[in-house]
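All remarks here apply to the structure that follows.
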Amino acid sequence: MSEETMGKVYDPKTFEKKWYEYWESNNFFHADENGEGDAYSIVIPPPNVTGQLHMGHALDNTLQDILIRFRRMQGYNTLWMPGCDHAGIATQAKVEESLRKEGTNRYELGREKFLERVWKWKEEYGNRIMFQLRTLGSSCDWARERFTMDEGCSKAVREVFATLYEEGLIYQGRRITNWCPNCNTAISDIEVEHKTEKGHLWHLRYKVDGEDRYVEIATTRPETMFGDTGVAVHPDDARYKDLVGKTLILPIVERKIPLFADEYVDPAFGTGAVKVTPAHDPNDFEMGLRHNLEEVVVIENDGKMGEGAGKYAGLDRYECRKKLVKELEEIGVLVSTEEHEHAVGHCSRCNTTIEPLVSKQWFVNMESLAKPAMEAVKDGRIKFVPDRFTKIYLNWLENIRDWCISRQLWWGHRIPAWYCADCGETSVSRVDIDKCPKCGSKNITQDEDVLDTWFSSGLWPFSTMGWPNETKELEKFYPTSVLVTGYDIIFFWVARMVMMGLKFGKDVPFRHVFIHGLVRDAEGRKMSKSLGNGIDPVEVVDKYGADTLRFMLITGNTPGNDMRFYWERVESARNFANKIWNASRYLLMNLAEKESDFKPEESDYTLADRWILSRFSVVTKEVTENLEKFELGEAARQIYEFLWSEFCDWYIELTKARLYDKEHNRPRQTALYVLGYVLEGTLRLLHPFMPFITEEIWQKLPHEGNTIMLSPWPKKGEVDETAIEEMSVIMDAIKTVRNLRAEVGATPGKKSEVILSFSDEKLKNLFSAHKDYLTQLASAEPVTFAENAPENALTAALAGVTVYLPLSGLIDIEKEKARLSKELDGIKSDIKRAEGKLNNKNFTEKAPASVVENERTKLAELKEKETATAERLAALEKMK
RNA sequence: GGGGUUAUAGCUCAGUUGGUCAGAGUGUCUCGUUGACAUCGAGGAGGUCACAGGUUCGAGCCCUGUUAACCCCACCA
C-alpha cells in the first residue's frame, strides 16, 4: 500500500456514498427472522412525512444506529425497522397550504382527489427522508420499510379499533372536546398547550327575577354569556343561601335561568357565583349534566359567534367580546373589571386558541389500558434511561383521561364505523361493508372522520411486524430491545405503545426506553422554522461528513439532556476524523514493507508495545460496558482519548524510530504488527460511531471478512499492569523534561543532555533500558545517570526519580530557587494533607484498605519528592 | 397548584454506584514547518464545582433549605 492511496486529509465525500451502497447492495443490513443468534431489535420512531429530517432526527437515528451496529458486531441477530408516519393533521395542513397557493382547497378538490394529492406528497417526502437516513449512515433493514398507512399497518389499526369497540373500550360520545377553529378538528388533551395569558375578570350582574336584587358573577369569557343556562354557587356559601332556587334574568338575551348550588364552585374565587355555559366550558358541561341544563350553542366551529349570539352572530369570538363588554358597560351590567392571569389552551400545531365545543367524537377508555402500562414500568419489565423519566411517565398515566381519537380530517385511517340511515345502527367492521349488518339496508355511510395519528403509531412495534397475523418476525423480534426517542413524545407515543403492546402484542413493546433531549441552536433556543435557526443535517454532512456529524452529536452530551449545536464542535469532531485518517496513513505508508505472516514472539514486544496493547484491552472493556449501559457519549470519549492521546501522541511517536530504522527488520515488523493490531481493533470499537471512515480505512488494512460492520466486536484482551505502571513513570519523566525545557525556551529540534538520579535500583534499570524513549519524546540526548546533582542544572523531582537539565550557560540561581521553593511548598502541603488523613484513625479503620494503601503510597512518593527538592534547594543555597 | 432539569475554567459541556475527579472541547498566551496530521505537536495561564446547613473518616457527587434559569403537567370561572 502506498501513500497515493490515501489523501493527506480526511475527505469524507470520496467514500461515504460508496460504502453505503456497498453495505446496502450486499444486504448487510438485512435481518433474518429465521436466523441464528439472539435477537436485538429497534423500531424507528417514524419521522413525519411532512418535510425533511432535522437535527433532532439526526441525533435520534445516530443513537439508534450506534446501538444497532454495536449489537450486530457482537453477533446479535439485529433488526432496525425503518418507516414513516403519515402525520395526519400536519401533513394535511402542508398539502392544504400548497393548494391554497394554487388558489384552491380540499373541498373544491373533493376527498378522493385530495387524498391522491397527499399520497403524491407522501411519496416525494417519504423518499427524501429515507434518502436522508441513508446519508447519515443508518443501517436500517430497508426491505422492511413500513408506512403507518400501508396495508399491513392499516389492517392492524382496524383490528385494534374493532376489538376495543367490541370490548366497550372505544365508544362514541357527545362531549365537550378541544376544538381548533383553525385546523377545524377536535384534538386530544395532550395536543393542547396551556399558556399563561394576561386577561380580565369581568364582573357582571344578573337580575333576580321579580325582585330588585342582583347576583354578581365573574367571568373571563363574557361572550359565552349568550349560552348561559344557569348560575351556580357553592351549597355552603352563606351569601347566596336564600337565593338558591330562584330564577335570574340573563341580560340582553332576557332568558330565565336558574340559580343552583354545586360543589364544584369555589366560593373564594371571584364573587363565588359562576355563570354556567354547558355548551362552551368543560366544567359547565358537567354541571349542566348534573342539573339538567339546556345547552345553548353560541360559538361555531370556525370560532365565530353563532345564531344564539343574536346581533353578534357572525362576529369573531374576540371581536364579539370587545363589543359586548362595551354594551354591557353601557347598560349597567358590567360592575367592574379586574386584571387576571390565567392559562389558555392553544392548538399545539397552529397555536390557535382552543375552543371547547360540544360534539360527537370517538373516545378510548384509558383506565383499563393504563393500569398494565404502569405495572410494566413499576416492575421493571420496561426501564427508562435515564431513570427520572419513569416518574414523569407514571404520573401522566395515573391522571390519564379518555382519549379523543376522532379527527375531522381526510388524511388518515378512516374510522371503520358505518351508520345505517334506515335502522340507525352503528356498525364497526374490520373490512369495508356495503350493507347494514343489522337490517341489510344498503343505505349506509362510513364515518367521515379519521383517527388520531398516534392511534396507528401506538401499534408501530407490532403492526410493522405483520400483526395481527402470527408472523416469524413477531416471534423473533417482538418485544423489541430498546426504543430510542426524545422526551417530548413520551406521552404521545411511548405510553400509547406500551398500552397497545401489552393489550395486543401480549408483551411489552420494548425492554428499554432510551430518552434523549433536544438539539438546540448555539443560543440554546429550540430550532424552528419560524425562528429560521434550524440547521439541516444534510448540509453538515455535505460540508463535514456524516461521521463528523454523528460524532459531534453524541459527544459531550448526557442521556436525557438537551444539547447545543456549535459549528466549532463540528470542526472539533472533523479534526478527530482527520486525526484517525492520518494515524492510519502513517501505518499504511509503511505497510507495504510488512511481512504478512510475521507474528512477534513474546520477547519482541517492547515496553511501549505491551503498554499500548494493555491500554487497548482496558479501553475495549470500558467502551463495551458503557455501550451496554447506554452511556454512548462516554464510550465515544474514551475512544477519542485513547486514539488521540495515547495511540497517536505517545505510541505512534515511539514507533517512529523502529519504523524508520531499516537496518533492524524484526523490531520494525513488530512495530508494524502492533500498530496494525491496535488500529484495526480501535476502528472496530469506533465503527458504530463513525461507520464510514472506519470502513474506508479498515478495507485498506489487512483484515478478515467483507466489511467492518460484520466483523466481530473486539474482546477484552490481557492487561499487563506492570507495563502500564512502568510506562506511566517514564511518561511522567518525559513530561518533566519537556517542562524544564520549556522553562528555558529550548526548541524541540535542539537536543540536550538530561541527567537522572534514582532512589532505587529498579527504576534505574527501567530507565536505562528505555533511555531512547526520552530521546525520542523529550529531545533528551545524551541521557546520563548520576549519583550526585550536577551544579549547573534545572531540577525537578518525581517519585523515585530526579531529573536534571544541565545548562550551557549559568543558571539564574535566584529564579531557580524561587521555582523550587514554590514546588516544595506545594509538595509540603500535599504531604500535610496525606499525613492528616493517615493519622486519622477513623480513616485508616473505616476506609477500604485499598484507599488507605493508595494514600500511603502517595505519601511515600511525596516524601521522596520533598527530600530531593529540599536537597537541591540546599545545594543552590551553598552555591551562592 | 404539582413535578422535573440545570447551576463545574472566558464560552459550551463531561465527570455513571461518595475516596488521583477537579476534566474535555473551544478560546487565549509562549514555542515549534525532522516525511501521519498546522484539521498538527510541546508547554502555560484560567475554577471556594451557585449559596447556606447537614450526613460521613472523606462530598461537584448523598440529604435539607435558599437563590436563579429553563421545562413539563394541571378543567378553578
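Quick note: the coordinates plus some simple rules give every number you see, no bench work behind them. Predicted model, so just to flag it, every value in this text is computed and none were measured. Counting neighbours? That spans all protein chains shown, and the Cβs are built from the backbone with ideal geometry, glycine included.
Some observations on this one:
- Ellipsoid fit via the Cα gyration tensor, region A:168-255: semi-axes of 33, 18, 14 Å, each the root of five times an eigenvalue, largest first.
- Region A:665-800: C-alpha pair distances exceeding 20 Å, %: 60
- Net length gained if the chain between residue A:360 and residue A:311 were fully extended (0.36 nm per residue, minus Cα distance): 14.9 nm
- Across every pair of non-identical alpha carbons in region A:77-213, the mean reciprocal distance, once inverted, gives a Kirkwood radius of 20.0 Å.
- Alpha-carbon centroids, region A:660-690 and region A:151-174: separation in whole Å: 60
- Selected from A:538, A:498, A:522, residue furthest toward positive end of dipole (region A:473-540; charges at beta carbon): A:498
- Euclidean distance between Cα centres, region A:564-604 to region A:446-521, Å: 41
- For region A:766-880, diffusion coefficient by Stokes-Einstein and Kirkwood Rh (Cα), 10 °C, 1.306 mPa s, µm²/s: 99
- Separation of the residue A:123 and residue A:368 label points, Cα + 7 Å toward Cβ, nm: 4.4
- Extension gain for the segment residue A:11 to residue A:266, taken as residue separation times 0.36 nm less the Cα-Cα distance, is 84.9 nm to one decimal.
- Overall size of region A:561-621 from C-alpha positions, given as principal axis extents largest first: 50, 29, 17 Å.
- Karplus (6.51, -1.76, 1.60) ³J(HN,Hα), θ = phi - 60°, over region A:369-381, in Hz, Gly and Pro reported as x: 7, 5, 4, x, 5, 6, 4, 4, 7, 4, 8, x, 5
- A viscosity of 1.567 mPa s and a temperature of 4 °C, combined with the Kirkwood radius over Cα pairs in Stokes-Einstein, give a translational diffusion coefficient for region A:142-211 of 73 µm²/s.
- In a simple Cβ point-charge model (Lys, Arg +1; Asp, Glu -1; nothing else charged), chain A has a dipole of about 780 debye relative to its Cα centre.
- For region A:1-93, the Kirkwood hydrodynamic radius from C-alpha pairs, put into Stokes-Einstein at 25 °C and a viscosity of 0.890 mPa s, yields a diffusion coefficient of 152 µm² per second.
- The longest part of chain A holding none of the exposed loop chymotrypsin sites (Phe, Trp or Tyr not before Pro), meaning those outside H, G, I, E and B in DSSP with at most 15 other Cβ atoms within 10 Å, is A:270-565.
- Our helix-only sum for chain A, with -39,500 (n - 2.57) per DSSP H run of n ≥ 4 divided by its residues, gives a mean residue ellipticity at 222 nm of -13500 deg cm²/dmol.
- Farthest positive-ward along region A:351-501 dipole, Cα basis, beta-carbon charges - from A:376, A:428, A:396: A:376
- Taking N as its residue count, the alpha carbon Rg of chain A over 2.2 N^0.38 Å: 1.29
- Amide H contacts under 5 Å for residue A:794, placed H, 5+ residues apart: A:805, A:807
- All Cα-Cα separations within region A:460-543 were binned at 10 Å from zero, giving a P(r) of 16, 34, 23, 21, 7, 0, each value a whole percent of the pairs.
- Around the Cα centre of region A:638-720, unit charges on the Cβ atoms of Lys, Arg, Asp and Glu (plus for the first two, minus for the last two) sum to a dipole of about 240 debye.
- Cβ-based net charge around residue A:11, under 13 Å, with every Lys or Arg adding one and every Asp or Glu removing one: +3
- Kirkwood Rh and Cα Rg combined as Rg/Rh, region A:573-703: 0.97
- Centre-to-centre, using Cα atoms only, region A:176-212 and region A:18-45 are separated by 53 Å.
- The amide H of residue A:48, built 1.01 Å from its N in the peptide plane, has A:85 as neighbours under 5 Å, considering only residues 5 or more places off or on other chains.
- Residues A:8, A:94, sorted so that the one with the fewest Cβ neighbours within 10 Å comes first: A:8, A:94
- Label-point separation in nm, residue A:539 to residue A:507, each point 7 Å along Cα→Cβ: 4.5
- Neighbour net charge for residue A:290 - beta-carbon separation under 11 angstrom, K R +1, D E -1: -4
- Computed over the alpha-carbon pairs of region A:196-298, the distance histogram in 5 Å steps reads 2, 14, 26, 27, 21, 8, 2, 0, 0 percent, short to long.
- The amide H of residue A:199, built 1.01 Å from its N in the peptide plane, has A:340, A:341, A:342 as neighbours under 5 Å, considering only residues 5 or more places off or on other chains.
- Taking 0.36 nm per residue of sequence separation and removing the Cα-Cα distance, the residue A:423/residue A:835 pair yields an extension gain of 138.9 nm.
- DSSP-defined antiparallel bridges as percent of all bridges, chain A, nearest 5: 70
- Under 15 Å, Cβ to Cβ, from residue A:329 - net charge with Lys/Arg +1 and Asp/Glu -1: 0
- Virtual paramagnetic centre 7 Å along Cα→Cβ of residue A:471, amide N under 19 Å, in region A:148-175: A:148-161
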